[in-house]
Amino acid sequence: MNVQIEESWKRHLQGEFEKPYFVALTEQVRREYAAGTCYPPGKWIFNAFNLCPFDQVKVVIIGQDPYHEPGQAHGLSFSVQDGVMFPPSLQNIFKEIEADLGTPMPRNGDLTRWATQGVLLLNATLTVRAHQANSHATIGWQNFTDAAIKALAQERDHLVYMLWGGFARSKAYMIDKSRNLVLESVHPSPLSANRGGWFGQHQFSRCNDYLRQNGIEPIVW
C-alpha cells in the first residue's frame, strides 16, 4: 500500500501498511470522509510524522484524538491552526510554559514550530468525525500509533515522553524509563488541571535539562 508519509517513518512503519487492520482502517477512513465532514483535512492526517522525521524526534507528546470543530485540527496533538482561539487545554499548556520558563503566551496556537524542532505531537487516533469526539477511536488507528511509539522506544534513546492524563499514561508500558525520560501528569484540561497536578510541575524546563544533559539541543517552547 502506498501511504503518503515522511520517508523515514515509512521505512520504520512499512510492515504496518500491509496488515489487515491497516487496509481495513484505510477503507473505513475513506468512507467516513466521503460520507461527511471529518478532521483534520486529508492532507494533514499524517502531519505529525511529516513535520518530525523519525531520527529527529526529541520529545513525544501524546494526545487522544483531533479537535472536532471547524478550522482547529491540522494533524498535531493539542495544536490549532493559526488564527483559531486557544482551546482550554492549550491555554493551560501555555500558562505552564510561561510560569516555568518565562516564555510569554504566544499569539497563535499553531505548534508547527515545536514539531519542526523535534516534538512529535502524536494523537493516538488520527481522525475524527465533525462534532463527535472519539468517533474514530475504535477503527484501528491506535494499532498504528502504538506501532510508532514502539518503534521509537526500541530504536531511539534519550527521548522525553510527556504523558498527560490517564489515556496518555496508559502508553507508558511501551517505554524503557532507564533509557528515556518519562514525564507524567494530569491532563491540562481545566477539569483536571484545576484539581492540581498540572501547574507547577516544571515539565518543560525538566525536559530541556534532560536534553542538554544528553548533548541534545533543547526545545524553544
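The values are calculated or read from the model by the stated rules, or taken from the named source; none is laboratory data. Keep in mind that what you see is a predicted model, and the values were worked out from it rather than measured. Neighbour counts are summed over all protein chains in view; Cβ atoms, including those assigned to glycine, are modelled from backbone coordinates with ideal geometry. For the accessible areas, the whole protein counts, side chains as well, though only heavy atoms, and no ligand, DNA or RNA atoms are used. Shrake-Rupley method; radii C 1.70, N 1.55, O 1.52, S 1.80 Å.
Per the Kirkwood formula on distinct C-alpha pairs, the Rh of the range 129-174 is how many angstrom? Walk me through the intermediate numbers first.
On the way: mean 1/r = 0.0816 Å⁻¹.
Taking every pair of different Cα atoms in the range 129-174, averaging 1/r and inverting gives 12.3 Å.
Starting from the Cα gyration tensor of the chain, multiply each eigenvalue by 5, take the square root, and state the resulting semi-axes largest first in whole Å.
Details: eigenvalues 141, 91, 47 Å².
Working through the eigenvalues yields semi-axes of 27, 21, 15 Å.
Based on C-alpha pairs under 8 angstrom that are at least 6 apart in sequence, the chain has a relative contact order of 23 percent. The heavy atoms of Y39 present about 30 square angstrom of accessible area, all protein chains included, probe 1.4 Å.
In a DSSP loop and with at most 15 other Cβ atoms within 10 Å, the trypsin sites (Lys or Arg not before Pro) in the range 62-151 are R107. Relative to the globular-protein estimate of 2.2 N^0.38 Å, the Cα radius of gyration of the range 128-221 stands at 1.23. Placing +1 on the Cβ of every Lys and Arg and -1 on the Cβ of every Asp and Glu, with no other charges, gives the chain a dipole of roughly 200 debye about its Cα centre. Across the range 200-215, coupling constants 3J(HN,Hα) worked out from phi with the 6.51/-1.76/1.60 Karplus curve, θ = phi - 60°, read x, 8, 6, 5, 6, 6, 5, 4, 5, 4, 5, 4, 4, 4, 9, x Hz, and Gly and Pro carry x.
Selection among L159, T145, N108 by position relative to the dipole of the range 101-175 gives N108 as farthest towards the positive end (Cβ unit charges, Cα centre).
If you sort H74, H131, H187 by accessible surface, 1.4 Å probe, largest first, the order is H131, H187, H74. Dividing the mean sequence gap of close Cα pairs (under 8 Å, 6+ apart) by how many residues the range 113-159 holds gives a relative contact order of 28 percent.
Where does each of M85, M174, M162, M105 land when they are ordered by accessible area, with a 1.4 Å probe and the largest first? Walk me through the intermediate numbers first.
Numbers: M85 160, M174 25, M162 0, M105 70 Å².
Ranked list, largest accessible area first: M85, M105, M174, M162.
With every protein chain left in place, what is the accessible area per residue of the chain in square angstrom, probe 1.4 Å? Intermediate values should be presented prior to the final figure.
Values: 9900 Å² over 221 residues.
Per-residue value: 45 Å².
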